[in-house]
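The values are calculated or read from the model by the stated rules, or taken from the named source; none is laboratory data. Predicted model only: the values in this text are computed from it and were never measured. Cβ: placed from backbone, ideal geometry, glycine included. Neighbour counts: every protein chain shown.
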Amino acid sequence: MTVGRITEYLSERATDPAPAFIMQREIFKTAADDPAYVDAYERLKQTKYYTELANEQQPDGSWGRFHTQNSKDPVKRRFVTTEHALQRARQMGLPKDDPVMVKAIGLMERYVTETETWTDSVEKHHDNGKSHMRARPFLTAAVLNQTDPGNPAVKPKQDVYVRTLAASVSGDTIDEAAWDAENRAYRGPCLNAWNAYSALMLSNADADDTLQRLYLRYLWDRRDGIYYISNASVNNVCCIEDRSFGMWLGVLEYLIKYPQFVEFAQPTVIPHLLYEAERLMDGRAEVSKSYGVRYADNWRDGGKRTSDVLLRILRLLVGC
C-alpha cells in the first residue's frame, strides 16, 4: 500500500464538496488561483457545513463562549463553543484567509494579547479562579497556534511554555512535578505538561531540537495519554474496529506538526496507517456510523464513510 494508491482511490470517490476541497488544498496542493481550487472552494462554501459556521458566527468572530459550554443558553446552537466551531473549520481545511477564519483569528489575537476577555464563566477550582484567569490567554494561544501557525501573537506565550519545559527536564524525561511547581509559582502557563494545549503550543516552538524531541518522546510514551484527547499512549495503535480508533487519529493530528514526528511515527504508526487504509480499500474493514469526524454530505452511505476515514488517514500521511 502506498500514499499514491490511496490518493488515486480517493480521486475517484471523494467527490463531495468538503472532501474534494481538502484533496485540492492539502493532497494535490493546488495553487489558490488555480481554477480547480477555486471551483472546489466555491462548492465548499455552498455546503451546510460551511453555512452553519458562517451563519452562527457572531459579529466579534466568536461562536459564543470560547472554551466552556453555556448550559443555560436558551438558544440551541450547532457549535457549543468557539473551540468546537474552529475544530470543524480545521476539519474542513478552511484557509486562514477565509472570511470566517479571518474574524476568528482576529478574536483570538485579542484574547491572547488580553485586549479582550473571554465571556466564559471563571472556573474557580482550588484558588478562586486565579489559575484559570492566567491560563486563558495561554489556552487561546494554543488554539491560535493550531489554526494559524506562526501567528506573531503566539510567540510570547509560547516562550513561557519553552521556559517551563526547560525547567522540567529530569535526565531523559519530563518531571511532571517540576512542571507543576512552575505553575504553582505562576511563572508557568497553569496547564499540565500532558495537556493537549501544551502539546499544541510546543509543536512549532523556538526550542532546542533536543528539548523538543524529549518532550515529544514524553507525550508519545505517556501511559495515560494526553489530557482532553486521549487516555492511552500513542504507542497503543488502534484498528478501525476499535472504538478508540478516531481518538487515536486525533492524537496523531495534535502531534503531527512536531518536526520530529516522522521519526516517532516511522517504525510502527505509518506502516499501521497504510495497512488500515489497505483494509478499507479492499473491503476488509467497515467504518462504524458512530465514528466522529465527517467530511461527506451523506454519512449513511458506507462508501462515503470509508472515503472519509481514508482521507483522514491520507491527510496524516501527507502531513508527515
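Computed values, structure above
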item	result
Single residue of Val143, Val169 found to be within 28 Å of Arg90 (Cβ to Cβ) and either surrounded by fewer than 20 Cβ atoms within 10 Å (Cβ to Cβ) or under 19 Å from the mean Cα position of the chain (by Cα) (or both)	Val143
Selection from region 175-196 of residues that are surrounded by fewer than 21 Cβ atoms within 10 Å (Cβ to Cβ) and touching a Leu at 6+ places or on another chain (Cβ under 8 Å)	Asn183, Trp194
Odd one out for Ala205 among (1) free of Cβ contacts under 8 Å to residues at least 40 places away in the same chain; (2) assigned by TED's automatic domain parsing to the domain that holds Val169; (3) under 27 Å from Arg88 (Cβ atoms); (4) not in a helix (DSSP H, G or I)	(1)
Thr7 being assigned to a helix (DSSP H, G or I) and assigned by TED's automatic domain parsing to the domain that holds Gly250	yes
Residue within region 61-82 that is acidic (Asp, Glu) and at pLDDT 95 or above present	no
Residues being crowded, with 22+ Cβ neighbours inside 10 Å and either β-branched (Val, Ile, Thr) or not in a helix (DSSP H, G or I) (or both) - total across region 17-56	1
Matching option when the condition is in a helix (DSSP H, G or I) and surrounded by fewer than 16 Cβ atoms within 10 Å (Cβ to Cβ), among Glu263, Glu276, Glu286	Glu263
Subset tally (residues that are under 22 Å from the mean Cα position of the chain (by Cα) and either part of a helix (DSSP H, G or I) or farther than 19 Å from Arg88 by Cβ (or both)) for region 293-320	16
Subset of region 259-287 that is in contact (Cβ under 8 Å) with a residue 40 or more places away in the chain and among the small types (Gly, Ala, Ser) - its residue that is nearest to Ile240 (Cα to Cα)	Ala285
Residues satisfying the stated conditions in region 180-192, i.e. hydrophobic (A, V, I, L, M, F, W, C) and either more than 15 Å from Tyr227 (Cβ to Cβ) or at pLDDT 95 or above (or both)	Ala181, Ala185
Qualifying position, being part of a helix (DSSP H, G or I), assigned by TED's automatic domain parsing to the domain that holds Val169, closer than 22 Å to Arg90 by Cα and modelled with pLDDT of 90 or more, among Tyr197, Tyr218, Tyr254	Tyr197
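Quick grid of which residues meet (1) more than 26 Å from Tyr254 (Cα to Cα); (2) assigned by TED's automatic domain parsing to the domain that holds Ile313; (3) part of a loop (DSSP other than H, G, I, E, B):
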site: Gly64; (1), (2), (3): no, no, yes
site: Glu109; (1), (2), (3): no, no, no
site: Glu116; (1), (2), (3): yes, no, yes
site: Leu139; (1), (2), (3): no, no, no
